[in-house]
Amino acid sequence: MGLLYGLIAVGLALIFGLMDVVNFAHGEFLMIAMYVSFFLFAFFAIDPLLSAPLVAAALFVFGAVVYLLIVRFAMRAKANAGMVQIFSTFGLAIVMRGLAQFFFTPDYRSIPQSWLGGKTISVAGIFLPEPQLIGALVSILAFAGLYFFINRTDFGRALEATREDPGAVALVGIDKNRVFALGWGLGAALVGLAGAIMAVFFYIYPDVGASFALIAYVTVALGGFGSVFGAFAGGIIVGLVEAVTALVLPPSLKSVGIYAVYLLVVFIRPRGLFGSM
Amino acid sequence: MDNKFAARRRRDLIIAAVLAGLAALAPLLVKDVYVQNILILTLMYAALSQSWNILSGYCGQISLGHALYFGIGAYTTELLFTKFGVLPWFGMLGGGVIAALIAMGLGYPFFRLRGHYFVIATIVIAEIGLLLFQNWEWAGAAMGITIPIRGDSWLKFQFLRTKLPYFYFALALCCLAWFVTWWLEDSKWGFWWRAVKDNPEAAESLGVVVFNSKMGAAAVSAFLVAIGGAFYAQFLAYIDPESVMGFQFSLLMALPAVLGGIGTLWGPVLGAAILIPMTELTRSYIGGSGRGVDLIVYGTLIVLISLALPQGLVSLLSRTKAKGATR
């Protein structure tokens, strides 16, 4: 579970952490990804596991479009940039929820049979559900890929540089909008991946994103903004804390542990565990 | 310069008095209960947003967890009322004081945080409050509290036949929040807050105790919001954790101020006057289908307004008036 939180958070870490843009519609991105996965299964009988790259591609386009249509303008705001970002993406989240209700109806949906659904695997006497395991695997791969991407490729450097100083970046011939649009696409694609895997074992409904979004923010902040590794570590910690809290407290209180740990961490380290900003 | 500032403040006060007077007459013209309901909610959100604006607008500490104080106001009042028979008026004040104390208690660790870390901490603490109340059996847990009807009177702050008293209370609360803001704007606190918002290091070096000014703003803000929560609970006669402490309240308090103009005297009132009727009308006229069209319209409007007017609607007004009149 922790690695899954990590996977949801990693897309956010890219958008929120590396580009310093607040995306309050992150949970809704996840929701869309789950629906895409569901419909690919329902109409074309493509197993969520196979369709995951398709979902990621769809979300990539979606993320880039959202950037170009909305966020680009929000970032241009001279005053109250933070609030404008919060509320324009929050408005977007409401629209997306409304659209989902309109087209998909508020019914709960699930993918009844998939290759992985309900299967378990026994490792050294511990039974682990397969979908979660695959999710964890994908999550590790995604993190490794992203880490490499940010630190070792030109694009990654361009992204960091653009956040640091858009003006200087323009001087050396990098188009700020292109870099950020790609960044948003990438962030959304990662959420797409998470959504595709989660579609296997979570109910899908228009408000599903909201319950995961806050945990994703907490995960990113816990790890510290500006650090991909931080989001990864944050995800693992959040997952563990949730599991432990669920043992000690009633299940309905399981998130309290996560929140408490976040508060504790930032009181001791006001920039998160590995944050640079 | 000083004269102009004083003149502007006097003008603001006169405008506010006139508006309040006109608003007080509104129920004479509007007999429709549905419209009265919208007016009451508009006034309440204007008051809440004005209070939120003190901490987040003037002092620059963006809180998206004010639902916590709202809920505390509502719960303190109703728990005291239903369990101990304490009159809502005392519960209201008690709720306000408790909320202010909690705000200050939280301020100790919270005000060390900056930027997103602070915002997320405020969201998280409100969420913890929500979860605790949802699991607190004595306080009704997730089922909430239904406020028993004890008669129609100002003493019990319950009115069955008419909504007018609620209207006047909401108006009074709105005026109070406005007046407190107006008064603080020109006090040393107001200047401290703006200094803290613009540049905390510089403010500190000039002798402003940054920490204390943040605490002051948090306490005033939380107190007023809790009063609003107490009012809301009496008005609805039913509360449950989600409906008084949910995250959407934190956003609904912030939204009018942001749309109207954050950190301005008139922003919250203006924002609420436009936003709340819009919310209610889209909900009741196109929300009936249950298919989320209202959400689509509402969300689109929020996106458009926040993109088109990053400084809020107030900036439109001051642009059309003589340029640079005061600053």
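The values are calculated or read from the model by the stated rules, or taken from the named source; none is laboratory data. These numbers were taken from a predicted model, which means no experiment stands behind them. Neighbour counts run over all protein chains shown; Cβ positions are idealised from the backbone, glycine included.
Yes/no per residue for (1) on the phi > 0 side of the Ramachandran plot; (2) of a type in the set (D, E, K, R); (3) at pLDDT below 80:
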| site | (1), (2), (3) |
| --- | --- |
| A:Phe60 | no, no, no |
| A:Ala64 | no, no, no |
| A:Ala74 | no, no, yes |
| A:Ala77 | no, no, yes |
| A:Ala81 | no, no, yes |
| A:Thr89 | no, no, no |
| A:Ile94 | no, no, no |
| A:Arg97 | no, yes, no |
Sort out which residues of the range A:14-57 are among the small types (Gly, Ala, Ser), at pLDDT 75 or above and under 23 Å from A:Phe148 (Cα atoms), and write them in order of number. A:Ala52, A:Ala56, A:Ala57
Just checking, how many residues over the range B:13-23 are at pLDDT below 80 and either surrounded by 16 or more Cβ atoms within 10 Å (Cβ to Cβ) or in contact with a helix residue (DSSP H, G or I) (Cβ under 6 Å, 6 or more places away or on another chain) (or both)? 3
Restricting the range A:248-269 to residues that are surrounded by fewer than 18 Cβ atoms within 10 Å (Cβ to Cβ) and facing chain B (nearest Cβ under 9 Å), the residue that is farthest from B:Leu130 (Cα to Cα): A:Phe267
In the range B:187-214, anything touching a helix residue (DSSP H, G or I) at 6+ places or on another chain (Cβ under 6 Å) and acidic (Asp, Glu) is listed as B:Glu204
Near pairs, Cβ below 6 angstrom, 6+ apart or cross-chain, from the range B:107-122 (facing chain A (nearest Cβ under 7 Å) and closer than 20 Å to B:Gly246 by Cα) to any residue that is aromatic (Phe, Trp, Tyr) and crowded, with 20+ Cβ neighbours inside 10 Å: B:Ile120/A:Tyr217; B:Ala121/B:Phe110
Every residue in the range A:54-77 that is within 11 Å of chain B (Cβ to nearest Cβ) and closer than 17 Å to A:Ala33 by Cβ, please. A:Val66
Hey, among the residues in the range B:59-116 that are under 19 Å from the mean Cα position of the chain (by Cα) and among the β-branched types (Val, Ile, Thr), which one's surrounded by the most Cβ atoms within 10 Å (Cβ to Cβ)? B:Thr77
Note on the range B:283-301: residues of a type outside the set (S, T, N, Q) and either modelled with pLDDT under 65 or in contact with a Phe, Trp or Tyr (Cβ under 9 Å, 6 or more places away or on another chain) (or both) are B:Arg283, B:Gly287, B:Gly288, B:Gly290, B:Arg291, B:Gly292, B:Val293, B:Asp294, B:Leu295, B:Ile296, B:Gly299
Any chance the range A:210-217 includes a residue that's buried (at least 19 other Cβ atoms within 10 Å of the Cβ), within 13 Å of another protein chain (Cβ to nearest Cβ) and polar (S, T, N, Q)? no
Residue under question is A:Phe180, and the condition is that it be touching a helix residue (DSSP H, G or I) at 6+ places or on another chain (Cβ under 7 Å) and crowded, with 21+ Cβ neighbours inside 10 Å; does it hold? yes
Would you call B:Ser284 touching a Cys at 6+ places or on another chain (Cβ under 8 Å) and more than 17 Å from B:Leu64 (Cβ to Cβ)? no
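So which residues in the range A:222-247 are facing chain B (nearest Cβ under 10 Å) and modelled with pLDDT under 80, if there are any at all?
A:Gly224, A:Phe225
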Pairs returned, first residue in the range A:196-211 that is farther than 10 Å from A:Asp107 by Cα, second residue that is not in a helix (DSSP H, G or I), beta-carbon separation under 7 angstrom, 6 or more apart or interchain, are A:Ala199/A:Ile111; A:Val200/A:Ile111; A:Val200/A:Ser114; A:Val200/A:Leu116; A:Val200/A:Gly117; A:Phe201/A:Gly117; A:Val208/A:Phe202
Within the group B:Leu270, B:Leu275, B:Leu265, which residue is within 14 Å of another protein chain (Cβ to nearest Cβ) and either outside any helix (DSSP H, G or I) or of a type in the set (A, V, I, L, M, F, W, C) (or both)? B:Leu275
From B:Leu304, B:Leu275, B:Leu316, residue being surrounded by fewer than 16 Cβ atoms within 10 Å (Cβ to Cβ) and modelled with pLDDT of 75 or more: B:Leu304
Could you list all residues from the range B:1-40 that are over 23 Å from B:Phe179 (Cα atoms) and either assigned to a helix (DSSP H, G or I) or among the acidic types (Asp, Glu) (or both)? B:Leu28, B:Leu29, B:Asp32, B:Val33, B:Tyr34, B:Val35, B:Gln36, B:Asn37
Go through the range B:113-128 and give me each residue that's under 21 Å from A:Gly226 (Cα atoms), modelled with pLDDT of 80 or more and among the small types (Gly, Ala, Ser). B:Ala121
For the range A:192-214, enumerate the residues that are farther than 18 Å from A:Thr89 by Cβ and in contact with a Lys or Arg (Cβ under 8 Å, 6 or more places away or on another chain). A:Tyr203, A:Ile204, A:Tyr205
Whichever residue in the range B:59-94 is within 13 Å of chain A (Cβ to nearest Cβ) and either over 22 Å from B:Ser243 (Cα atoms) or in a loop (DSSP other than H, G, I, E, B) (or both) and, among such residues, is modelled with the lowest pLDDT: B:Gly60
What number of residues within the range B:181-203 satisfy the criterion of being in a helix (DSSP H, G or I) and over 14 Å from B:Lys214 (Cα atoms)? 5
Selection over the range A:187-207 where residues are within 26 Å of B:Val119 (Cβ to Cβ) and surrounded by fewer than 23 Cβ atoms within 10 Å (Cβ to Cβ) yields a count of 1
Mind listing whichever residues of the range B:57-104 are among the hydroxyl-bearing types (Ser, Thr, Tyr) and under 15 Å from B:Ile125 (Cβ atoms)? B:Ser63, B:Tyr69
